[in-house]
Amino acid sequence: MSEELTIGFLPLVDACLPILAHERGFAEEQGLSLRFVRDISWATVLDRLLYGHSDAAHLLAPLAIATTLGHGRPAQPIAAPFVLGLNGNAITMRRDLADRIAPGDQLGDSRAVAARLVDEVQTQAANGKRLRFGVVHRYSSHNYMLRYWLASCGISPDQDIEIITIPPPFAADALAAGEIDGACVGEPWNSVSVERGVGAIVLATAQIWRRGVEKVLALREPVLEERRPAIEALIRAMRRAGEYFVDPANWQSVAALLARPEYLDGNEKLILNAISDRLVLRQGAEPVHYSDFMFQYREAANFPWVSQAEWLYSQMIRWEGLEFSAAHAKAAARVFRPDVYRSALIGTGDILPGASSKVEGSVSQPTSVTAQQGDMVLAQNSFFDGRVFDPDDIPGYLASLT
Amino acid sequence: MRIAIVDESAVRASIIEEGLAELEGCQIFVLTERHALLARIQEIEPDIVLIDLGNPSRDVLEEYFAVSRALARPIAMFVDEADDHAIAASIDAGVSAYVVDGLAAHRIRPLLDLAVKRFHAFARLQSDLAEAKGKLAERETIDRAKRILMDSKQISEPEAYGELRRKAMQSSKRIVEIAEAVVTAHELMGGE
């Protein structure tokens, strides 16, 4: 008998791994039967998870940490034993602004684009105005990546500009209506703005942090304990799904599958571009290839590095003006569960890193690292400004950022 | 008590509004427009905000509440843990509630119970409607099939119906399924 798991998700390309696990038989091979609940707000995905409508959910990694720490809702411990992917988001701005700060037919240099944005911000300020950018959620890597980039280039995200929350499906409308000047959202929503001619892509978030943590598979901690064998089976199924997902031979059929009404209900062509790391930056332009725009499989991409959770925690307190708390840092770190990932995959031959934490952003060229299982090579994972994050010294890191 | 109902379905919003009207001392505001939602909420200064789970503006609203912590009347997700059952019931019904900080649980619960009842009532209404619509569509298909048979076999309406019925009984199918087959076959053969 197969065991049923219900998974909540938002219609975004990076919900692909559980969907593929279901549709391509990997879940079934593991004795699982998956059911999906699609929603249109993260608040509802989270409520369904907390009140048992779903067993697991496709969730913003920072939101899993915020929920554990009791930000916005009564605290409930969330566990994330699997990272659904790295990056896959981009920054889109209204056409005229994009043409000025990111001219050219390729993605620009992160620093050069920001330097030109500084001029725009100053021009606006001279007129008593501020640019306004939309992000998908307060507790999202979109918010943290955008802020990281701006702040590192001398733009205060709270004083010099304004950041608001916008549901990704409405980003194009908001750009068209002049309600926002730019947005940092996941695919296919940047491409939708481009296709409608209301915006142009100026930067991929992979240009801010080459290996930035994005969505996770989130569960309530007690559910993880109760359903541990099934969750481990799901992890194995999703690793197989990842292997399938990154094979170019499958891209066309994966795009067609994800575009279906019950999943993304979206444009197959735009989805195909995203999963093949291609971006059309401006309406009518040829797609630009940017390698590892989305990163779902290689280098044990799904391994929940504790240091990733700690980086997210550092950004949370940075932008909410909170004091560093060793207890909170520990609780945040515990959200990511490499122990579960390891026990699911030990003996399968899949690669498992030797460590569970690393100095984030420290790898500038392909580097062999110790592995518990398989051969592990990490490629460049740097932040665009060359800073590194040492999880053992969060206060020191935060001090260096101000 | 000032209650804001945020729902893009005007019909459901009015059903909930009607249900809550029986509560004494409540002023109810219905917001069905996504545009300028936050500005309206700010104007209304509600003690309670009810919003359906399928509403795309939930994240925007929660962001506003998060920022509102700095305001005089901060609004939070309904947090009284003793009332977790009430929240679970409301989530099950498809509605979430945000409550101004410090509002007593005994004032919230009857309201939430009513909202849940009205949400359920709306869901029933919707499924009745869907069923009625389905029946109507079936009726139309059977009528079309009868007309096809009447034209092609030069038979009367009762005879055409009799044929559909006989075939349905023979193949232990529903009449509407036979009618659908007739209509599809007719379309394939170049009929309208």
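Residues checked against (1) within 14 Å of chain B (Cβ to nearest Cβ); (2) crowded, with 24+ Cβ neighbours inside 10 Å:
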{"site": "A:Y144", "(1), (2)": "no, yes"}
{"site": "A:A172", "(1), (2)": "yes, no"}
{"site": "A:A183", "(1), (2)": "yes, yes"}
{"site": "A:G186", "(1), (2)": "yes, yes"}
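So is A:L34 away from chain B (no Cβ under 14 Å), farther than 30 Å from A:F383 by Cα and not in a helix (DSSP H, G or I) or not? It is true that A:L34 is away from chain B (no Cβ under 14 Å), farther than 30 Å from A:F383 by Cα and not in a helix (DSSP H, G or I).
In the set (1) crowded, with 17+ Cβ neighbours inside 10 Å; (2) part of a loop (DSSP other than H, G, I, E, B), the condition left unmet by A:S314 is number (2).
To keep it simple, each residue is scored yes or no on (1) away from chain B (no Cβ under 14 Å); (2) touching a helix residue (DSSP H, G or I) at 6+ places or on another chain (Cβ under 7 Å).
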site	(1), (2)
A:Y51	no, yes
A:L60	no, yes
A:L69	no, yes
A:Q76	no, yes
A:A80	yes, yes
A:N87	yes, yes
A:R95	yes, no
A:A98	yes, no
A:G104	yes, no
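Just to be sure I understand, how many residues within segment A:285-322 are small (G, A, S) and free of Cβ contacts under 8 Å to residues at least 12 places away in the same chain? Within segment A:285-322, residues that are small (G, A, S) and free of Cβ contacts under 8 Å to residues at least 12 places away in the same chain number 1. Selection of first residues in segment B:102-119 that are over 15 Å from B:A21 (Cα atoms) and of second residues that are part of a helix (DSSP H, G or I), restricted to Cβ pairs under 7 Å at least 6 apart or on distinct chains, gives the following pairs, ordered by first then second residue: B:A105/B:A82; B:A105/B:D83; B:R109/B:D83; B:R109/B:A86. With respect to the stated conditions, A:A43 fails to be of a type in the set (A, V, I, L, M, F, W, C), buried (at least 24 other Cβ atoms within 10 Å of the Cβ) and either in contact with a Pro (Cβ under 6 Å, 6 or more places away or on another chain) or in contact (Cβ under 8 Å) with a residue 24 or more places away in the chain (or both).
Restricting attention to segment A:146-170, the residues that are within 14 Å of chain B (Cβ to nearest Cβ) and either under 14 Å from the mean Cα position of the chain (by Cα) or among the β-branched types (V, I, T) (or both) add up to 5.
Taking first residues from segment B:52-67 that are at the interface with chain A (Cβ under 7 Å from one of its Cβ atoms) and partners that are part of a loop (DSSP other than H, G, I, E, B) and β-branched (V, I, T), the Cβ contacts under 6 Å between residues at least 6 apart in sequence or on separate chains come to B:P56/A:I40.
Taken across segment B:5-13, residues that are among the β-branched types (V, I, T), at pLDDT below 90, in the same structural domain as B:V95 (by TED's automatic domain parsing) and touching a strand residue (DSSP E or B) at 6+ places or on another chain (Cβ under 8 Å) do not occur at all.
In this structure, A:V192 does not satisfy being buried (at least 20 other Cβ atoms within 10 Å of the Cβ), within 14 Å of chain B (Cβ to nearest Cβ) and either touching a Gly at 6+ places or on another chain (Cβ under 6 Å) or among the hydrophobic types (A, V, I, L, M, F, W, C) (or both). Only residues that are in a helix (DSSP H, G or I) and without any contact (Cβ under 8 Å) to a residue 12 or more places away in the chain: list them for segment A:47-68, please. Of everything in segment A:47-68, just one residue is in a helix (DSSP H, G or I) and without any contact (Cβ under 8 Å) to a residue 12 or more places away in the chain, namely A:D47. Please enumerate the residues belonging to segment A:205-219 that are crowded, with 24+ Cβ neighbours inside 10 Å and touching a Phe, Trp or Tyr at 6+ places or on another chain (Cβ under 8 Å). Scanning segment A:205-219 gives A:A206, A:I208, A:W209, A:V213, A:V216, A:L217.
Restricting segment B:95-131 to residues that are among the aromatic types (F, W, Y) and assigned to a helix (DSSP H, G or I) leaves a set whose member that is farthest from A:D39 (Cα to Cα) is B:F122.
For segment A:125-134, indicate whether the set of residues that are under 30 Å from B:A88 (Cα atoms) and within 14 Å of another protein chain (Cβ to nearest Cβ) is non-empty. No, segment A:125-134 contains no residue that is under 30 Å from B:A88 (Cα atoms) and within 14 Å of another protein chain (Cβ to nearest Cβ). Among residues that are assigned to a loop (DSSP other than H, G, I, E, B) and among the small types (G, A, S), B:G25 is included.
The values are calculated or read from the model by the stated rules, or taken from the named source; none is laboratory data. All values derive from a computational prediction rather than experimental measurement. Using ideal geometry, Cβ is built from the backbone for each residue, glycine included, and neighbour counts are taken over all protein chains shown.
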